1. Using the structure shown, decide if R455 is modelled with pLDDT of 80 or more and open to solvent by 60 Å² or more (accessible area, probe 1.4 Å).
2. If you scan the range 153-204, which residues turn out to be within 18 Å of D284 (Cβ to Cβ), outside any strand (DSSP E or B) and open to solvent by less than 30 Å² (accessible area, probe 1.4 Å)?
3. Give the residues of the range 284-334 that are farther than 30 Å from A177 by Cα, part of a helix (DSSP H, G or I) and open to solvent by 70 Å² or more (accessible area, probe 1.4 Å), sorted by residue number.
4. If you scan the range 255-283, which residues turn out to be over 14 Å from R151 (Cβ atoms) and among the charged types (D, E, K, R)?
5. Kindly indicate whether any position in the range 271-278 is assigned to a helix (DSSP H, G or I) and either closer than 14 Å to S363 by Cβ or in contact with a Cys (Cβ under 7 Å, 6 or more places away or on another chain) (or both).
6. Would you check if S276 is more than 15 Å from A177 (Cβ to Cβ) and either open to solvent by less than 80 Å² (accessible area, probe 1.4 Å) or touching a residue at least 24 places away in the same chain (Cβ under 8 Å) (or both)?
7. Going by the structure shown, is L269 under 25 Å from the mean Cα position of the chain (by Cα), modelled with pLDDT of 90 or more, within 18 Å of F153 (Cβ to Cβ) and of a type in the set (A, V, I, L, M, F, W, C)?
8. Taking only the range 272-320 into account, find how many residues are within 30 Å of P232 (Cβ to Cβ) and under 23 Å from the mean Cα position of the chain (by Cα).
Amino acid sequence: MMAGDDDLAALSEQIALASSAAISASDLDHAFQLQLAEAIQASLLVPGPNAAAASSSSQAAPALLVPESSSDAAYAFAIQASDLACAEQDRRDAKACRAAHARAAASARVAAHDALFARELAAIPEDQWAHDGDYFERPLESDKSHRPLFRVFSKGMASREVVGPRDRDPSVAVLAAAICAPQGEVLLRIQKPVERFVGGRMIVEVMALMEGLDAALGLGIRSVTIVTGYRPLYNHMLGIWRPSGRNLADMINQVLSLRRKFDQCEISLVEPSQVSYVVKLATDSLTVLITKARAANANMAKTENCTICMEDTDITKIHVVEGCAHRFCFSCMKEHVKVKLLNGMLPACPQDGCTTKLTVEGSKIFLSPRLLGIMVQRVREGQIPPNQKVYCPYPKCSALMSLREVMHPMQASSSNYTAADAATLRKCVKCRGSFCINCKVPWHDRMTCYDYKRRYPHARPEDAKLQNLARQRLWRQCVKCKHMIELAEGCYHMICVCGFEFCYTCGKEWKEKKATCSCPLWDEHNIIREVNDYEDDDDYEDDEDDAYF
């Protein structure tokens, strides 16, 4: 047997002796009360000074026994006084004995507490002692006869504790508490749900305890015992452990503030089986809460959040991009495609870094007919290499063709043209109009290309206006596809819609992402702009957008 067990046995024996002494003191007190009663009864039998007068005036009064001599009465009184003094001394001795017993019992309880605390300190591992040793304490509990009559049970439980590893966590929690009377009946029970709970178990346990203490104060209870089966909560309440996070520390301080409002508030750590009632309250309430949350999530599953506008949209209005499966709402897809089409580009998936091209068939579900027509044209333009593109020069047609598609009149068995015309004469596949493939103008009959350009340097009046405006605004024309380009902002490195890269200052080609000229790469005026210079170009109307081809 260990030394600590011997100490406990000795202390138990001392407590037993003190209890026997208390019983003896109680017997002496009872004997004193009996002697006092006998003395009072004897004093009533002794006649007073007016006894003779009373006997003569009343014939019906019984005769009293009077001692033969006054010395006998005095002797009797002396004996009674001595008995009374002895009884009073016995009463004082009994009171002193009870006080000594109480002091001995208190000393024994303190010694037993110190012995247990010493053994618990010795069992603490070295690493834990180095971290929490300065904060480890075990307050001395009060005497069992003064224990609080009311008990507060609490239990916090989160959904993550009960859902399966593959199930979706609805992120809910429940706070359960019960206040019990001295006889054990439940005075009040609390079941409070917590929506969108993201904390840990310690957080929800502290929240449940706060609910229980608040309810006890509301009932006017000022003496309670906190009963818990969760050791971390017990250690934090006693100061053995320190809170690791700021949020938890604030909540612990709130609980300690509530605790100070009670006249007496203790905490007791018990086995889990002793808090089964409040655990069942939490489990039943949490089960109902999870069921409701899953039903709500099932309804929300019919909607999906668009990552562009961040709005919840009906799942039937979500477009899945073919090839990459990225998902966006119809409205955002339409705006994205519209902006790209109006800037002469073939739209791709809006997802950052994704290069999947959108298809006409896949875009029919969210595009208007006119935007769909523009997209068809852009797709066709993208399929024809820039140096193979041919547009019909007739304004009412302007059909796009490739060099391989244009019709050769000489091959159409026509006798209206000479053999010399075969080199440049072509016909539109749509309107069947004849045009010069070299000059890109309607056919100049009986005139060579050289003569035509000398006579008509600008075949169309609008071409002259465009060239004049380009010179005034310093626009550049792509040497590959002849598109006119204006630098709105940014550097001088231009990338045309046809893919050709060139310098905006001199027009020389960029090769392998490097300039072939020595022009400056950028100008500060084109890079930095005032905030007020920006305009909101996103507010297009469908009718206006769809009118551009």
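The values are calculated or read from the model by the stated rules, or taken from the named source; none is laboratory data. Note that the coordinates shown come from a computational prediction; the quantities given were computed from them, not determined experimentally. Cβ: placed from backbone, ideal geometry, glycine included. Neighbour counts: every protein chain shown. We work out accessible area using only protein heavy atoms, side chains counted, and drop any ligands, DNA or RNA first. Shrake-Rupley method; radii C 1.70, N 1.55, O 1.52, S 1.80 Å.
1. yes
2. Of everything in the range 153-204, those that are within 18 Å of D284 (Cβ to Cβ), outside any strand (DSSP E or B) and open to solvent by less than 30 Å² (accessible area, probe 1.4 Å) turn out to be S159, V163, P170, F197, V204.
3. N299, M300, I315, T316, K317, S331
4. Matches in the range 255-283: R259, R260, K261, D263, E271, K280.
5. Checking the range 271-278: not a single residue is assigned to a helix (DSSP H, G or I) and either closer than 14 Å to S363 by Cβ or in contact with a Cys (Cβ under 7 Å, 6 or more places away or on another chain) (or both).
6. No; evaluated as a whole, the condition is false for this residue.
7. Values: under 25 Å from the mean Cα position of the chain (by Cα): no; modelled with pLDDT of 90 or more: yes; within 18 Å of F153 (Cβ to Cβ): yes; of a type in the set (A, V, I, L, M, F, W, C): yes.
Answer is no for this residue.
8. Residues that pass the stated criteria total 12.
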